[in-house]
Number of protein chains: 2
Amino acid sequence: MTTPMRQMMANAIRFLSADAVEAAGSGHPGLPMGAADIATVLFTRFLTFDPTRPDWPDRDRFVFSAGHGSMLLYSLLYLLGYRDIGIDEIKRFRQIGSKTAGHPEYGHAAGIETTTGPLGQGAGNAVGMALAERILNAKFGDDVVDHYTYALVGDGCLMEGISQEAIALAGHLKLSKLIFLWDDNGITIDGKVSLADSTNQRERFEACGWQALACDGHDHEAIAAAIETAKASDRPTLIAAKTTIGFGAPNKSGTEKAHGSPLGAEELAAAREALDWPHPPFDIPSEILDQWRLAGLRSSVRRKAWEARFAEVDAETRGEFERRMRGDLPSGFTQALHRFKRRMNEERPKIATRKASEMALEEINAIVSETIGGSADLTGSNNTRTSQTLPITAGDYTGRYVHYGIREHGMAAAMNGMALHGGMIPYSGTFLAFSDYCRPALRLAALMGIRVVHVMTHDSIGLGEDGPTHQPVEQLAALRAIPNMLVFRPADAVETAECWQLALQNRAAPSILALSRQALPTLRLDEHDENRSARGAYEIDPASGEARVTIYATGSEVEIAIEARRQLERAGIPTRVVSVPSFELFRRQTAEYRRALIGDTSIKIAVEAGIRQGWDELIGREGHFVGMNGFGASGPASELYRHFGITAEAVVAAVMERLAGEDAAARA
Amino acid sequence: MTTPMRQMMANAIRFLSADAVEAAGSGHPGLPMGAADIATVLFTRFLTFDPTRPDWPDRDRFVFSAGHGSMLLYSLLYLLGYRDIGIDEIKRFRQIGSKTAGHPEYGHAAGIETTTGPLGQGAGNAVGMALAERILNAKFGDDVVDHYTYALVGDGCLMEGISQEAIALAGHLKLSKLIFLWDDNGITIDGKVSLADSTNQRERFEACGWQALACDGHDHEAIAAAIETAKASDRPTLIAAKTTIGFGAPNKSGTEKAHGSPLGAEELAAAREALDWPHPPFDIPSEILDQWRLAGLRSSVRRKAWEARFAEVDAETRGEFERRMRGDLPSGFTQALHRFKRRMNEERPKIATRKASEMALEEINAIVSETIGGSADLTGSNNTRTSQTLPITAGDYTGRYVHYGIREHGMAAAMNGMALHGGMIPYSGTFLAFSDYCRPALRLAALMGIRVVHVMTHDSIGLGEDGPTHQPVEQLAALRAIPNMLVFRPADAVETAECWQLALQNRAAPSILALSRQALPTLRLDEHDENRSARGAYEIDPASGEARVTIYATGSEVEIAIEARRQLERAGIPTRVVSVPSFELFRRQTAEYRRALIGDTSIKIAVEAGIRQGWDELIGREGHFVGMNGFGASGPASELYRHFGITAEAVVAAVMERLAGEDAAARA
C-alpha cells in the first residue's frame, strides 16, 4: 500500500465526519479530522477485530473515550463494513432513532464497545476491560483470551480526576496490554489547553507506572512504531500523538473553532481543496472504500484462527467460557440461595445486612465463578471479600478480588468496563454516602443497561459517630432517581439474599445494595422459596383484622415498623407492614398489584432514615413520613435514631394523633 | 526550647487523641499519633494564626484534608487555647451536640476552616483558599492579604481523582503559597498502600508543576527545613513526610490496626510506657500545656502587627475589604437587578435563560466586585463570562475569571475553599448533567452552608443532539434531594434575574441555576419590583374564573404550561399556571401560603422535562405528570420534546381526559 492511499483512507474518515456534522447542523468535526491518521493506522495495521462477527470474544477492544468525536467511530464502522452502520446511518447522524447518536451509545450498533461522552469514563472502562482480559486469560489461557485494549483519549479525559484513578490502578496492576492513544491536539472548548493546564502528561503517566511515548499523530509510520513499542512493553503505555485538531480545514484547524460546530460550507470546501478531496459528501471512491473493506476482511483471518484454536479446547472449558460470555448464571445458583434463605429462617441471626451480604456472597461465590469482588479500601467494612476471592495482583490475575484503592469513581468505571468486556460479573463496595463519588459511572451503567453490583454499606445515620459527611441522607432518593438503576435496601438476612439474587439475575441493569452497619433481627419468617423482594414491595406483616394503618419501610427501619405495629395491634389498631426493598421493581408490577399493595387504609406512614422525596408515590401527600429532614450528626447510632425521632414510638404517636383527628372528624 | 519538650508537646497531641478515641469507643488514633510531629512543628514554628481571634482575615489557613484524624485538629485547638474547644469538648468526642464531631465540621468551632472527611475534598478546598488569597492580595495588596495555605493530606486524598484536578489547577496557576503536608504513612484501611497503589507521588506532583520534597515526618528539624524550602518556592509544594501511623503504639503502629479503631486499654498503656507518658487521660502537665499556650499567645503578635498595618490603609479600601470579608453585598445591588427586570419587561426578549443569566451577570459583576466567575471549559456554552471578568493567570491574579479546565469536581471544591476563605463569591459553570461529577463537593457546600453559585446550563433534553449522556433527566430531582441546596430553574429572563438575586442574597446555602440552552419567551410581564421567585412557587398566570385546573411547571416548561392554559381557557376551562423556580424556597413558606398556592383544583398537572420524583409534593399521587420516564435521546431539541410528549397538546389532552372522567363520575 502506498502512502498516498493511506492518506486517502484517513481523508475518507475526515470527510465522512465533517460532512455528517455539516448535514446534522451540529457535532464535532475537529477530533475525527485530527485523529483520522491514528485511527487509520490502528484499524488497518493493528486492531484485531472482525466486522462480520463484531462480538467475537477475543477481539481487541477499542474504547473511544473522547466520545464527542463520535463520527470518527461511525466512519470507521462504515468504512470497515460493520453491518449496523450503512451510509444512510452516517447521513442520519444525530437524528432521533438513528444508530449514530451525538455520542456513541452502547447497544445502538455493533462495534460500539461502550457509551462515552462524559469525559474520562472511557479511560476507566478501558482499564476495566484490560483487567477483565487478564483475569479471563488467567482462567482460560492464551488460546482463548489474549487481546489488547486500546483507548483513544482526549485532553478532557486526562484532566478529569477519574483518569488519575484509572491510570494509577492500571499502572499498579501492570496492565501491559492496555494502550492509551492520546489525541494530543492542545485544544479544548475554551481555547488552548494552556489556558487551564500545564501538566506534563507523559511524566504524570510515568509516575503512575506507565510507559509514555510520543509521536507525530499525522505520521503513519511514527504512529505504527509507537504502537509496536507499546505492545512490547511490560507496562501499560500512553502514546502522546501530537495532532492538529480539524486537520485539513485551512482556517479553523489548530483552533477551538474546529472543535464543536460544523465547519461551514466555505471552510469545508476549502478543506476539500487543501486535502485534494474532490468527492461529494458521503461518496467514498470505490478504490478507497475497497481498501478499507479489505482491512475489514483481513481482520477476520485472526477470528477464524481463534475459532480453530478454541475448537481444540476441552469441551468443559469451552462450555464454561461460552456460558460466562453469554452472561448466563450457572445451574445451582437459585438452589444455593434457597438453601441459604432456609438456613436464615432456621437460625434467625441478628446481624447487619452487610454481614448477611457477606454470608450470601460466600454461597454465591462458591457457585458463580465469574463474580469478581472488590472494595474502594473498605473491605472489612463492606464485607465484600469471601473465602473464594483472593486478591488480584500485578502479574498474577488468578484471583477474584480487586483492591481498588480509595478510588470510587475509577472503580465504578472499571467495573463497567469489566461487565462490557463480558465473562464476569463485577461487584464491589464503598459507603453509601460515597455513591456520590462514582455517580457519573453509575449513571452510565444504568444508561447502558449492564450488570454491575455495588455493595454500599453504612446506609444511614445508623453508621453513627463518623457523622454527617459519612451518613447518607439524600443518597437513596438520588440513586432511585436514576432511570434503570435497581436500588435495593433489604431488611434482614433473608431479603439480603433475595436482593443479591435479583441483582445477579437482572442482566440489563446495575444494582445497588444499600446495607446496614448495625445488626438487625431476622424478620422474614415465612418458609418458602418465593423471592418476595422481586415484587419490589410486599406485605411482610399483615394486620390482625381490617387494617386501619399501613406502615411502609425499608432496610433497617422495617424492624421499627414491625415494632410499631406490635404496639398498635396491642392497642387494638389493626396495622399492616409493607417492606419496600426496591422502588424500581415495585413500579414494574401490574397496576392491580400496586394498588392492592398500597392499600386503602386512611393512615399511611413511611419510615426510612433518609429524606421523604419519592415516598409520596406510596403514602401520598397526606401520608406521614418518619425520617430525616436534613443532614445527620455525629453520635452513637441508637442515640441518633432517638435524636432524629426515627423510632417505633414516633410512628405510634403519629398514628394516634391521626386516629384522634379522624375520630374527631367522625364525631363532628 | 529543648527537643524533649517539643517531643512532649507532640506526645500531648498523641495522648489527647488516643484517649479521646478510647473514651468515645470509636475513631481514628493512627493519624494524630503519626502526624503529631508535623502538626507541632507547623503550629509552633510556622503557622500564622491567633486563638483569641480565630477569624482574623490574614491568618494562614490550615486545611485538615484527612478529616478522619479529627482528634489531631481538636487536640491542637485545645492545646493552643482556642476558646471553643475546652477539655470537656475533647472528652465529648463523637457525642451528639459536641463540637468535636467524628470528622471536623465547619461551624462547630472556630479554628475548623472546612468540613472534611470525604477524601480529597480538603485538597480541593485548599487550592481554592490559596487562589482566594492571591486574588485578594492582587486587589488589596501585601499589607492586607498575604498568607499561606497549608493542607494536611493523607494517602486517600491523593488517590481520589479530585486531588489530580486540584493539584493540576494549583500547579498551572503557580499557587506558590500553597503547601501540602502529606502524611506519608503507607497505610490505608485495607492494609499497606502497596496493595492498591504504586504511584510515585513526588514525580506526579512535579509533573503537575509542583515542587516536591521529602522528609522524615518525625524529625522536627527536617520538617521545619522542608517547610522553609516550601515557603521560598515559586511553585506550590508537596512535602512527603514519612511517618509511622499510630507512632508510639508498640504493637499496632505501622499497621492498619492503628487506623480506625481505639487502641484498646492494653495497647494504650503500652504506648504510655513506650513514650514515657505517665499522665492520666486528658491531663496535660502544666509545663507542656503552658508551652502550647505560649505558642498560641506568640502567634497573636502577627495579628496585632497586621492590624496596625491595616489601620494605615485608606478608609475606602479598608471599608471595602471589611464589607467583602463580612459577606455583605454592596449597596446598589438590588436596584441594579430591579432596573434589569424592568428592562426585560420592556424588551421582552426571547432568549435562552443561560443568555439571560449572562445579561444579569453583566449587571451584577459591574456592582458586585467580589464575584469570581469561571467554567469547567464551557465558557461559551455556560455564558459565565462578562466584560468585567478577565482571566486569572499564573502570576497575574488581578482577573476575575478562572478557566478551571475540564475539572468539575476540582472546580466545585475550589469554589468551596474560596467561599470559606471569604472576601469573594465564586460562581462557575458546567452542564447540568455534569453536576454528577462534582456532587460530593456540592453536598459539602450544602452541609457547610456556604455561598457558592453554580450555573448549570443545557438543563434538559432541550440541549438536543448531544444525546442522553449530556441530557439531565434525574439531576433536578437528585440536586433538590440535597438538604440546604437551592436549586433554581427560572422560566425567563425576569425569573433568571430574580434567582440570581436570591442566590447571592442567601449567604448560608449554595445555589444551582439550571438554565436552558434553547430560547424562551419573556413570560413575566407584571411590572413590579417584588422578587416573586423568592416564594419558591407562585401563580404566574391566574385562571379567568374559578380554576378547574392547575398546571405547575419550571424553567423551559413554563412556556408549555402557559400555552396549554391558553388552549384550555379558549375551550372554556379556567386554568391557572404556577411557576416553581425553587422547591426549597417554597418549602420555607408558611403553611397557609403553600396550601393556597397548591390550591384545590381537582386536576393538577406538572410539566418538567425531568423525572416525576418529588413532584407529588405539589400534585399528589393522583396528579398527572408530563415529563420524562427514562433517559433522553439524540436529536433536535424540538423533535425531542414531541418525541417524549412534553408539549402543550399533551397537557391539554391529559386535562380533557380527566375532565371527561370527572363528568362521567358526576353523571353516574
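The values are calculated or read from the model by the stated rules, or taken from the named source; none is laboratory data. Owing to the predicted nature of the structure, the values given are computational and were not obtained by experimental measurement. No Cβ is skipped: glycine too gets one built from the backbone with ideal geometry, and neighbour counts run over all protein chains shown. Accessible surface is based on the protein model in full, side chains and every heavy atom, while ligands, DNA and RNA are left aside. Shrake-Rupley method; radii C 1.70, N 1.55, O 1.52, S 1.80 Å.
Structure values in brief
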quantity: Unmet requirement for B:Leu175, which otherwise passes all of (1) closer than 30 Å to B:Ala315 by Cβ; (2) within 14 Å of chain A (Cβ to nearest Cβ); calculated: (1)
quantity: A:Val494 being more than 8 Å from every other protein chain (Cβ to nearest Cβ), part of a strand (DSSP E or B) and among the hydrophobic types (A, V, I, L, M, F, W, C); calculated: no
quantity: Residues of the range B:342-357 that turn out to be assigned to a helix (DSSP H, G or I), within 23 Å of B:Gly429 (Cβ to Cβ) and not charged (D, E, K, R), as a count; calculated: 4
quantity: Matching residues in the range A:572-596 - criterion: being without any contact (Cβ under 8 Å) to a residue 40 or more places away in the chain and closer than 17 Å to A:Glu546 by Cα; calculated: A:Gly572, A:Pro574, A:Arg576, A:Val577, A:Arg595, A:Ala596
quantity: Sole exception among (1) in contact with a Ser or Thr (Cβ under 6 Å, 6 or more places away or on another chain); (2) crowded, with 19+ Cβ neighbours inside 10 Å for B:Ser233, by number; calculated: (2)
quantity: Single residue of B:Gly614, B:Gly599, B:Gly623, B:Gly630 found to be within 37 Å of the chain's Cα centre (by Cα), without any contact (Cβ under 8 Å) to a residue 24 or more places away in the chain and open to solvent by less than 30 Å² (accessible area, probe 1.4 Å); calculated: B:Gly623
quantity: Among (1) under 30 Å from A:Ser176 (Cβ atoms); (2) in contact (Cβ under 8 Å) with a residue 60 or more places away in the chain, the one test that A:His403 misses; calculated: (2)
quantity: Selection from the range A:90-131 of residues that are more than 23 Å from A:Leu47 (Cα to Cα), open to solvent by 30 Å² or more (accessible area, probe 1.4 Å) and either in contact with a Phe, Trp or Tyr (Cβ under 7 Å, 6 or more places away or on another chain) or among the small types (Gly, Ala, Ser) (or both); calculated: A:Lys91, A:Gly97
quantity: Count of the range A:378-387 residues which are more than 10 Å from every other protein chain (Cβ to nearest Cβ) and open to solvent by 10 Å² or more (accessible area, probe 1.4 Å); calculated: 3
quantity: Hits in the range B:415-455 (condition: open to solvent by less than 10 Å² (accessible area, probe 1.4 Å) and aromatic (Phe, Trp, Tyr)); calculated: B:Tyr427
quantity: Flag for A:Leu640 being open to solvent by less than 20 Å² (accessible area, probe 1.4 Å), more than 26 Å from A:Gly536 (Cα to Cα) and not in a loop (DSSP other than H, G, I, E, B); calculated: yes
quantity: Number of the condition not met by B:Leu390 [criteria: (1) within 14 Å of chain A (Cβ to nearest Cβ); (2) crowded, with 24+ Cβ neighbours inside 10 Å; (3) touching a Lys or Arg at 6+ places or on another chain (Cβ under 8 Å)]; calculated: (2)
quantity: Hits in the range A:506-529 - residues which are touching a Leu at 6+ places or on another chain (Cβ under 7 Å) and outside any loop (DSSP other than H, G, I, E, B); calculated: A:Ser511, A:Ile512, A:Ala514
quantity: Test: residue in the range B:225-235 that is within 8 Å of another protein chain (Cβ to nearest Cβ), of a type in the set (Asp, Glu) and out of contact with any Phe, Trp or Tyr (no Cβ under 6 Å at 6 or more places or on another chain); calculated: no
quantity: Failed condition for B:Ser375, given (1) farther than 23 Å from B:Asp492 by Cα; (2) touching an Asp or Glu at 6+ places or on another chain (Cβ under 9 Å); (3) within 14 Å of another protein chain (Cβ to nearest Cβ); calculated: (1)
quantity: B:Glu363, sole failed condition from (1) within 14 Å of chain A (Cβ to nearest Cβ); (2) open to solvent by 20 Å² or more (accessible area, probe 1.4 Å); calculated: (1)
quantity: Among (1) out of contact with any Cys (no Cβ under 6 Å at 6 or more places or on another chain); (2) open to solvent by less than 10 Å² (accessible area, probe 1.4 Å); (3) within 12 Å of chain A (Cβ to nearest Cβ), the one test that B:His403 misses; calculated: (2)
quantity: Candidate set from the range B:113-160 (those that are acidic (Asp, Glu) and more than 14 Å from chain A (Cβ to nearest Cβ)); member that is nearest to the chain's Cα centre (by Cα); calculated: B:Glu113
quantity: Residue satisfying all of: in the range B:450-488; more than 10 Å from chain A (Cβ to nearest Cβ) and touching a Gly at 6+ places or on another chain (Cβ under 6 Å); farthest from B:Met424 (Cα to Cα) among these; calculated: B:Ile461
quantity: Residues of the range A:152-184 that turn out to be surrounded by fewer than 24 Cβ atoms within 10 Å (Cβ to Cβ) and in contact with a Cys (Cβ under 9 Å, 6 or more places away or on another chain), as a count; calculated: 1
quantity: Qualifying positions in the range A:185-198 - away from chain B (no Cβ under 12 Å) and surrounded by fewer than 24 Cβ atoms within 10 Å (Cβ to Cβ); calculated: A:Gly186
quantity: Residue match in the range A:334-353 (condition: under 30 Å from A:Ala126 (Cβ atoms) and crowded, with 21+ Cβ neighbours inside 10 Å); calculated: no
quantity: Hey, B:Pro440 facing another protein chain (nearest Cβ under 7 Å) and at pLDDT 95 or above or not; calculated: yes
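For (1) more than 18 Å from B:Tyr404 (Cβ to Cβ); (2) of a type outside the set (Val, Ile, Thr); (3) modelled with pLDDT of 95 or more, each residue gets a yes or a no:
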residue	(1), (2), (3)
B:Asp328	yes, yes, yes
B:Ile351	yes, no, yes
B:Lys355	yes, yes, yes
B:Glu358	no, yes, yes
B:Glu362	yes, yes, yes
B:Val368	yes, no, yes
B:Ile372	no, no, yes
B:Asp377	no, yes, yes
B:Thr386	no, no, yes
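Per-residue answers, yes or no, for (1) surrounded by 15 or more Cβ atoms within 10 Å (Cβ to Cβ); (2) out of contact with any helix residue (DSSP H, G or I) (no Cβ under 7 Å at 6 or more places or on another chain):
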position	(1), (2)
A:Ala295	yes, no
A:Ser300	yes, yes
A:Trp306	yes, yes
A:Arg323	yes, yes
A:Arg326	no, yes
